[in-house]
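Working notes, beginning with the structure itself.
The values are calculated or read from the model by the stated rules, or taken from the named source; none is laboratory data. Model, not experiment: these values are computed from the prediction. Cβ sites come from the backbone with ideal geometry, for glycine too, and all protein chains shown count toward neighbours. The area values use the complete protein model at the heavy-atom level, side chains included, leaving out ligands, DNA and RNA. Shrake-Rupley method; radii C 1.70, N 1.55, O 1.52, S 1.80 Å.
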Amino acid sequence: MASDPKMNPRSGLLSAEANQAAALAAYGGVLTVDLDAIIANWRKLEKTAVPAECSAVIKADAYGCGAEQVARALSKAGCRTFFVATIEEARKVRAAVPEPTIYVLGGYFQNTGEHYAQINCRPVIGDLNELAEWDVFCRRTGWNGGAAIHIDTGMNRLGLTLSEAQAIIPRINAGDHGITLVMSHLVSAEQLNSPVNAKQLAAFRAIASEFSGVPAALANSSGIFLGAPFQFDLVRPGAALYGVNPTPEADNPMQPVVDLKARIVQIRNVERGESVGYGGTWTARRPTKLAIIAVGYADGYFRAASSNDGTRGAEVIVAGKRCPVAGRVSMDLIAIDITDLAPNAARRGHMVTLLGEGITVDELAHHFGTIGYEVLTSLGHRYARVYKGGNVVEPLAKPATAAEQPPSPPPMEQPAPPPLPS
């Protein structure tokens with residue numbers, strides 16, 4: 001009897017579902033990103049900030065969720081402005097979305113102007129030397145693609161000081177300056193009653209008002225929820241888009257985005273009094289059944305989530321129930337105590353949930369001793385990545401051929417930067 005070609009891997013005619021199942025079987029874990037949830041979160045933030053424009057921060061590979069996929073989904077939803085950290089991040093995003101504005105938060109360095117021009121993105125300038133070098137590039141090449149000015153109002157990290165910003169006001173107000181945004185960054189936006197918020201707001205409002213006709217941006221994810229005075233012309237949500245709570249003093253208004261599952265590679269029994277894992281720090285207090293799963297700290301599941309005889313660690317969802325980590329998280333494996341599950345509820349090859357089904361990014365961050373941002377950006381590259389929603393059926397746009405690439409600005413000399421007001 002002839003075999004069904006759908007059941008014959010050699011036939012090349014597996015169904016889409018069977019192909020996906022076969023592909024996922026090669027991985028110890030599966031990371032699913034819900035692009036529709038990201039879109040819903042962006043729309044909620046957009047509605048909260050009306051009439052300000054709502055941009056999206058997609059640096060660090062969209063906080064570990066996939067910058068190209070997230071950029072395409074949000075661009076289709078109406079997002080017109082994106083922020084990344086580096087030129088190389090901007091290059092990848094530009095390949096995915098040819099039209100939106102892209103700002104590079106890391107600033108401008110001498111001899112990098114051609115890279116900005118080639119992909120039509122904008123530096124966020126936070127130093128007078130950067131501004132002088134950018135001016136030289138624009139004058140020598142005729143490039144007028146725009147740039148943002150970053151002003152430090154209290155973070156003491158990047159940005160012009162208030163006095164430096166004040167000194168360039170005459171130049172800005174003289175026109176033909178190419179500055180398309182003036183921005184600052186909040187220090188403690190997640191703390192609703194922090195006096196630093198009001199101090200930064202007052203300082204930024206005063207200086208931004210002097211940049212005649214230039215849009216202003218102050219609010220990050222948490223800053224959006226501080227109210228209209230903080231929202232200005234544009235808001236810059238990041239972590240909230242990916243499900244991290246921007247209002248930690250209240251319930252999370254955002255939808256969860258990431259689901260992380262890992263495969264059980266072995267079921268084993270240990271007797272009372274036996275230890276589990278490196279260092280023997282966790283001891284079975286009863287005859288115990290363990291599920292060993294194929295994820296560890298090399299995959300971004302932090303060693304800090306371990307348990308020992310005196311401290312309970314993180315939990316994992318197995319067969320719909322929470323089960324605790326047993327012993328230390330190792331590089332590639334975690335032991336889970338499944339003693340209280342029904343017989344045969346968990347078997348070799350089954351998937352368990354590390355993130356999702358009620359285990360939030362913020363809960364996992366608590367066990368990791370960090371914040372949700374670090375949890376997301378640490379998600380490893382050994383997972384199979386699955387994207388759902390967001391109309392992600394078409395492939396990424398092919399990179400332009402040499403003939404299609406926009407012309408590079410002509411080679412330029414590097415004279416000393418022109419003097420700026422002291």
Quick one: Karplus J couplings for the stretch 30-46, per residue in order, coefficients 6.51, -1.76, 1.60, θ = phi - 60°, nearest Hz, x for Gly and Pro? 10, 9, 10, 10, 8, 5, 5, 5, 4, 4, 4, 5, 4, 5, 5, 5, 4
With 31 Å as the limit, write out which pairs from K59/K199; K59/K289; K47/K92; K92/K321; K92/K199 have Cα-Cα distances beyond it, or answer none. K59/K289; K92/K321; K92/K199
Largest fluctuation, A96, A203, A147 only, Gaussian network model of the chain with Cα springs under 10 angstrom, belongs to A203
State log₁₀ I(q)/I(0) for the chain at q = 0.15 Å⁻¹ as given by the Debye formula over alpha-carbon point scatterers of equal weight, solvent excluded. -1.32
Would you mind checking which residues have amide H under 5 Å from V386's amide H? H placed 1.01 Å from N; only 5 or more apart, or other chain. L31, T32, V33
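Can you give the net charge of the other residues whose Cβ lies under 13 Å from the Cβ of Q266, counting K and R as +1 and D and E as -1?
Numbers: positive: R263, R268, K289, R347, R348; negative: D332.
Local net charge: +4.
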For the stretch 79-227, rounded, prolate or oblate, judged on the Cα gyration tensor with a ≥ b ≥ c (square roots of eigenvalues), a/c < 1.5 rounded, else prolate if a/b > b/c? oblate
Per-residue ellipticity at 222 nm for the chain, helices alone: DSSP H runs ≥ 4 residues times -39500 (n - 2.57), over residue total, nearest 500 deg cm²/dmol? -7500 deg cm²/dmol
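Relative to the compact globular guide of 2.2 N^0.38 Å, what is the alpha carbon radius of gyration of the stretch 193-311, as a ratio? Mind showing how you got there, number by number?
Details: Rg = 24.0 Å, N = 119, 2.2 N^0.38 = 13.5 Å.
Ratio of Cα Rg to 2.2 N^0.38 Å: 1.77.
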May I ask you to give the percent of accessible area on the chain that is carbon plus sulfur, with a probe radius of 1.4 Å? 52 percent
Hz values of 3J(HN,Hα) by residue in the stretch 124-134 - Karplus curve (6.51, -1.76, 1.60), Gly and Pro given as x: 9, 8, x, 7, 5, 5, 4, 5, 5, 5, 5
Counting only residues 5 or more places away or on other chains, whose amide H sits under 5 Å from the amide H of V265 once H atoms are built in the peptide plane? I292, I293, A294, G349
In whole Hz, with x marking every Gly and Pro, tabulate ³J(HN,Hα) for the stretch 91-100 from phi via Karplus 6.51 cos²θ - 1.76 cosθ + 1.60, θ = phi - 60°. 4, 5, 5, 4, 5, 8, 9, x, 9, x
Enumerate by residue number the trypsin sites (Lys or Arg not before Pro) in the stretch 289-349 meeting two conditions: DSSP loop (anything except H, G, I, E, B), and at most 14 other Cβ atoms within 10 Å of the site's Cβ. R312, R347, R348
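Give me the 1.4 Å probe accessible area per residue for the chain, excluding ligands and nucleic acids, in Å². Before the final figure, lay out each step's value.
Working: 20350 Å² over 422 residues.
Per residue, the chain has an accessible area of 48 Å².
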If you find the alpha carbon centre of the stretch 259-336 and of the stretch 208-224, how far apart are they in angstrom? 47 Å
Quick one: which residues, 5+ away or cross-chain, put their amide H under 5 Å from the amide H of Y103? H built at 1.01 Å from N. F82, F83, V84, R122
